[in-house]
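One structure is given here, and the rest of the page talks about it.
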Amino acid sequence: MLLEIKDLKVKAEDKQILKGLNLSVNPGEVHAIMGPNGSGKSTLARVLSGHPGYEPNGGSVTYDGHDLLAMSPEERACEGVFMAFQYPVEIPGVNNSYFLKAALNAVRKHKGLQELDAVEFLALIREKIKLLEMDQSMLNRAVNEGFSGGEKKRNEIFQMAVLEPRLAILDETDSGLDIDALKVVANGVNALRNKDRAIIVVTHYQRLLDYIVPDFVHVLSGGLIVRSGGKELALELEAKGYR
Amino acid sequence: MTPVAEQATAYAERFAAFHNEPAFGSDRVRAMREQAFAAFAANGFPTSRDEEYKFTNVSAIAEAPFGCQGAAEPTRKALEPFLFDGAIRTQIVIVNGRLSKTLSSMEALPRGVTVDQITDAVTAAPSAAAGVLATTPFVALNTALFGRPIVMMVPPHAKVDEPIQVLFVNTPGEHRMMAATRLMVVAGELSELTLVESYVGLAGTGQGFTNAVTDVILMEGAIVDHYKIQRETTTAFHVGAMFVQCDRNSNFTSHSFATGGKLVRNDVFATLDGEGAECTLNGLYLAGGDALIDNHTSIDHAKAHCPSHEVYKGILSGNAKAVFNGKITVRPDAQKTDAKQTNKALLLSDSATINTKPQLEIFADDVKCTHGAAIGQLDDDAMFYLRARGIAEVDARNILIHAFAGDILDRIKIDAVKQRVEKVVYAALGAL
Ligand SMILES: Nc1ncnc2c1ncn2[C@@H]1O[C@H](COP(=O)(O)OP(=O)(O)OP(=O)(O)O)[C@@H](O)[C@H]1O
Ligand SMILES: [Mg+2]
């Protein structure tokens, strides 16, 4: 098993958000998490990636046999945990490709791989950027600064393509995309599906699951997973709501 | 005795002894020096009651007099880190206020550019005006006591494409030592000049105090790109004033980098005194420990159709204190003024503080003046974003801090200079 979440409780600023959540994810699987606004979906994504604003106060998370919650955000990333942000952060003054090179080389170094030089890095990202049908010029802009909503989401998946995580958590990567961008992003994600990589997609819309077909669908409500099923559950939820 | 009288007495002896030295100068200079000393003696060093020094306590300078005896002249090797080798050939090196012929390299001085030490020239400088002497005590003290000035003249139409460095070295030796340095630059009509004015310190056991005055005069259409790099030791005092006079259609850009000193005060007084003149002031200052850095800038729009741009950024850690005061005056004749001012500070600790104040005095009606200030800490969201991609916490911090500083570094126009200044700034950031 790649990820095992047991009875996870998480609070932020004195508010208990996750209240005993269980979830198991095997390599190669795609899990969709749906649920009403404010139910704790992003909280789950953030706590898995090590956001310092969220404090686990019960339960455990085991990732590849290790205690995930004991690791720093950067260690988790280096060990292959990737979260696509619901709201990607703009970082003025930091060049996108410089940032990505620093990230990739940090991950490579952690894995004991040779760091890439500028030429090797450029060759790699030229290849990956095609997958997301992004303009090369985006590489030379500041990270997410002035990007449209769609560009930001593409940039997240582009980073995923470059960093090649083992566990990707995509937090509403489909929200706010037009249909073309949605297809591009979904194709990008599908291209990254393989037997070793697990993906958790958080979404409000069944439509995304037409493009990224999940193995499991879960309903997160009130800080708990209240239902789980196959991909047909999403259709039912869309028709009947979460009740 | 009152503190003011004590301060005056403390320097009176040095001033009296100075009369007998050749550097004291001709009769005209004498009059200027006497007037300056009288102005200093009347008011002494500023106190916090003085509006211009409200947040900058200079009692550590005022409490005991500074002599003029420094340590021996350093070796060329000791200066190597400051010479920007490879980027700058012409080096005018001033040690403790005195030009060093052996350490300077003037062979490559661009054709037509002259450097001499005629004290008389200074009497015509904006810094020597009676009003200036009466209101700026450090300038008054400097004017009374400076040795031979450095006077650089760029002839009309000369295009000096290679930067020239004037390097002021302070080597305090065992005592409290004040170097009163004086630089005057006249850029002739339609001339072009890149000037790097550096202040460095070599650690001694004594206390070094640099009291610097610079005048830059731009004749019609002159273009001057000026760099001030202030990187003295962590115990040094530095009080510098730069007076810039811009004639019609001239263009002055200043890049100020301040990375070192216990107490640093920089004043810039720029006067846009001809239509179409343009002035840009960029600044980056770093302070840590219990250092204090104060930047006071004043841009005086005296004539119409003059744009001015100003961006100052500070990075503070520890218990450092900073002051930024940006004054913009728009005179009644200065219609169509377009003045923009921004100042930002990044506080890396909870105990670092900044006092920042824009000061707009506008007497014309058809003008555009904007100012903005932003003070903040490192963006937590950005920190998390970088770390969530695998970048270690210290590296993430550095990336964000460098990005903040990069905004100013990127404005350096000459690549070779930029690379070297970047190194200086990054090293100073590493030590914060
Ligand atoms: N840092 C925080 N401090 C305090 N409360 C928080 C914090 N983060 C989230 N919350 C609260 O916790 C609840 C769950 O938030 P979360 O962002 O996880 O929901 P979500 O399921 O992702 O919602 P959405 O579908 O709108 O994105 C909400 O009520 C939210 O206001
Ligand atoms: Mg959410």
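Which of the residues spanning the range B:402-421 are of a type outside the set (Lys, Arg) and within 18 Å of the chain's Cα centre (by Cα)? If you could, list the steps in order and put the result at the bottom.
Going residue by residue through the range B:402-421, those that are of a type outside the set (Lys, Arg) are B:402-410, B:412, B:414-417, B:419, B:421.
B:ILE408, B:LEU409, B:ILE412, B:VAL417, B:VAL421, listed by residue number.
Residues that are of a type in the set (S, T, N, Q) and either at pLDDT 95 or above or within 23 Å of B:ILE229 (Cα to Cα) (or both): which strands (runs of 3 or more DSSP E) entirely in the range B:60-155 hold 3 or more of them? Please lay out each step first, then the result.
Numbers: elements: B:90-95, B:114-116, B:150-154.
Where strands (runs of 3 or more DSSP E) fall fully within the range B:60-155, none carries at least 3 residues being of a type in the set (S, T, N, Q) and either at pLDDT 95 or above or within 23 Å of B:ILE229 (Cα to Cα) (or both).
In the range A:212-226, how many residues are at negative phi and surrounded by 16 or more Cβ atoms within 10 Å (Cβ to Cβ)?
First pass over the range A:212-226, keeping only residues at negative phi: A:212-221, A:224-226.
Applying the additional criterion that residues be surrounded by 16 or more Cβ atoms within 10 Å (Cβ to Cβ) yields A:212, A:214, A:216-221, A:224-225.
Adding up the residues that qualify gives 10.
Any idea which of (1) at pLDDT 95 or above; (2) out of contact with any Ser or Thr (no Cβ under 6 Å at 6 or more places or on another chain); (3) among the small types (Gly, Ala, Ser) is the one B:GLY261 doesn't satisfy?
All conditions pass for B:GLY261, except number (1).
Among the residues of the range B:202-212, is there at least one that is of a type in the set (A, V, I, L, M, F, W, C) and touching a Phe, Trp or Tyr at 6+ places or on another chain (Cβ under 7 Å)? Walk me through how you get there before you give the answer.
Of the range B:202-212, the ones of a type in the set (A, V, I, L, M, F, W, C) are B:202-203, B:209, B:212.
Okay, now just the ones that are also touching a Phe, Trp or Tyr at 6+ places or on another chain (Cβ under 7 Å), so B:209, B:212.
Within the range B:202-212, one or more residues are of a type in the set (A, V, I, L, M, F, W, C) and touching a Phe, Trp or Tyr at 6+ places or on another chain (Cβ under 7 Å).
In the range A:33-49, what residues are away from every other protein chain (no Cβ under 14 Å) and in contact with a helix residue (DSSP H, G or I) (Cβ under 9 Å, 6 or more places away or on another chain)?
A:ILE33, A:MET34, A:GLY35
For the range B:6-39, name all the residues that are in contact with a Phe, Trp or Tyr (Cβ under 9 Å, 6 or more places away or on another chain) and among the hydroxyl-bearing types (Ser, Thr, Tyr).
B:TYR11
Give me the pairs: first residue in the range A:150-167 and within 11 Å of another protein chain (Cβ to nearest Cβ), second residue of a type in the set (Lys, Arg), beta-carbon distance under 8 Å, and six or more apart or on different chains, which are they?
Taking only residues 6 or more apart or on different chains, the pairs are A:GLN159/B:ARG389; A:VAL162/A:LYS128; A:LEU163/B:ARG389; A:PRO165/A:ARG197.
Filter the range B:370-419 down to the residues that are of a type in the set (Val, Ile, Thr) and more than 7 Å from every other protein chain (Cβ to nearest Cβ), then identify the one that is nearest to A:GLU115 (Cα to Cα).
Applying the filter and picking the extreme gives B:VAL394.
Would you be able to say whether some residue in the range B:12-30 is part of a loop (DSSP other than H, G, I, E, B) and crowded, with 17+ Cβ neighbours inside 10 Å?
Yes, the range B:12-30 has at least one match.
Would you check if there is a residue in the range B:42-49 being outside any helix (DSSP H, G or I), at pLDDT below 95 and among the basic types (Lys, Arg)?
yes
State whether one or more residues within the range B:9-22 are in contact (Cβ under 8 Å) with a residue 24 or more places away in the chain and touching a helix residue (DSSP H, G or I) at 6+ places or on another chain (Cβ under 6 Å).
Taking every residue of the range B:9-22 in turn, at least one turns out to be in contact (Cβ under 8 Å) with a residue 24 or more places away in the chain and touching a helix residue (DSSP H, G or I) at 6+ places or on another chain (Cβ under 6 Å).
Can you tell me which condition A:VAL10 does not meet? The list is (1) of a type in the set (A, V, I, L, M, F, W, C); (2) within 14 Å of chain B (Cβ to nearest Cβ); (3) within 14 Å of ligand 2 (Cβ to nearest atom), and all the others hold.
Unmet condition: (2).
What tally of residues in the range A:80-127 results from selecting those that are of a type in the set (Asp, Glu) and either part of a helix (DSSP H, G or I) or facing chain B (nearest Cβ under 9 Å) (or both)?
3
Quick one: A:VAL184 ticks every box in (1) more than 14 Å from every other protein chain (Cβ to nearest Cβ); (2) within 16 Å of ligand 2 (Cβ to nearest atom); (3) β-branched (Val, Ile, Thr) bar one, so which box is it?
So A:VAL184 meets the others, but not (2).
Whether any residue in the range A:50-71 is more than 16 Å from ligand 2 (Cβ to nearest atom), more than 25 Å from A:GLY222 (Cα to Cα), out of contact with any helix residue (DSSP H, G or I) (no Cβ under 6 Å at 6 or more places or on another chain) and within 14 Å of chain B (Cβ to nearest Cβ) is what I want to check.
yes
Among residues belonging to the range A:15-32 that are β-branched (Val, Ile, Thr) and more than 9 Å from ligand 1 (Cβ to nearest atom), point out the one that is farthest from the other protein chains (Cβ to nearest Cβ).
Selected residue: A:VAL30.
Results for (1) closer than 20 Å to B:ARG14 by Cα; (2) hydroxyl-bearing (Ser, Thr, Tyr), shown as yes or no for each residue.
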| position | (1), (2) |
| --- | --- |
| B:ALA36 | yes, no |
| B:THR47 | no, yes |
| B:ASP50 | no, no |
| B:THR56 | no, yes |
| B:ILE61 | yes, no |
| B:CYS68 | yes, no |
| B:THR75 | no, yes |
| B:ALA78 | no, no |
| B:LEU83 | no, no |
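Considering each of B:ALA129, B:ALA144, B:ALA179 in turn, give the residue that is assigned by TED's automatic domain parsing to the domain that holds B:ALA78, under 14 Å from B:VAL213 (Cβ atoms) and surrounded by fewer than 20 Cβ atoms within 10 Å (Cβ to Cβ).
So the residue among B:ALA129, B:ALA144, B:ALA179 that is assigned by TED's automatic domain parsing to the domain that holds B:ALA78, under 14 Å from B:VAL213 (Cβ atoms) and surrounded by fewer than 20 Cβ atoms within 10 Å (Cβ to Cβ) is B:ALA129.
Could you list, in sequence order, all residues of the range A:154-175 that are more than 14 Å from ligand 2 (Cβ to nearest atom), more than 9 Å from the chain's Cα centre (by Cα) and under 22 Å from A:ASP135 (Cβ atoms)?
Residues satisfying the conditions are A:ARG154, A:ASN155, A:PHE158, A:GLN159, A:ALA161, A:VAL162, A:LEU163.
Report yes if B:ARG331 is surrounded by fewer than 21 Cβ atoms within 10 Å (Cβ to Cβ), within 14 Å of another protein chain (Cβ to nearest Cβ) and among the basic types (Lys, Arg), otherwise no.
Considered against the rule, which asks whether it is surrounded by fewer than 21 Cβ atoms within 10 Å (Cβ to Cβ), within 14 Å of another protein chain (Cβ to nearest Cβ) and among the basic types (Lys, Arg), B:ARG331 comes out as no.
Per-residue answers, yes or no, for (1) surrounded by fewer than 22 Cβ atoms within 10 Å (Cβ to Cβ); (2) under 12 Å from B:ALA388 (Cβ atoms):
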{"site": "A:GLU55", "(1), (2)": "yes, no"}
{"site": "A:ASP64", "(1), (2)": "yes, no"}
{"site": "A:LEU68", "(1), (2)": "no, no"}
{"site": "A:SER72", "(1), (2)": "yes, yes"}
{"site": "A:CYS78", "(1), (2)": "no, yes"}
{"site": "A:MET83", "(1), (2)": "no, yes"}
{"site": "A:GLY93", "(1), (2)": "yes, no"}
{"site": "A:ALA103", "(1), (2)": "no, yes"}
{"site": "A:GLY112", "(1), (2)": "yes, no"}
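The values are calculated or read from the model by the stated rules, or taken from the named source; none is laboratory data. Treat the numbers as computed from the prediction; the structure is a model and nothing was measured. As a convention, Cβ positions derive from the backbone with ideal geometry for all residues, glycine included, and neighbour counts pool all protein chains shown.
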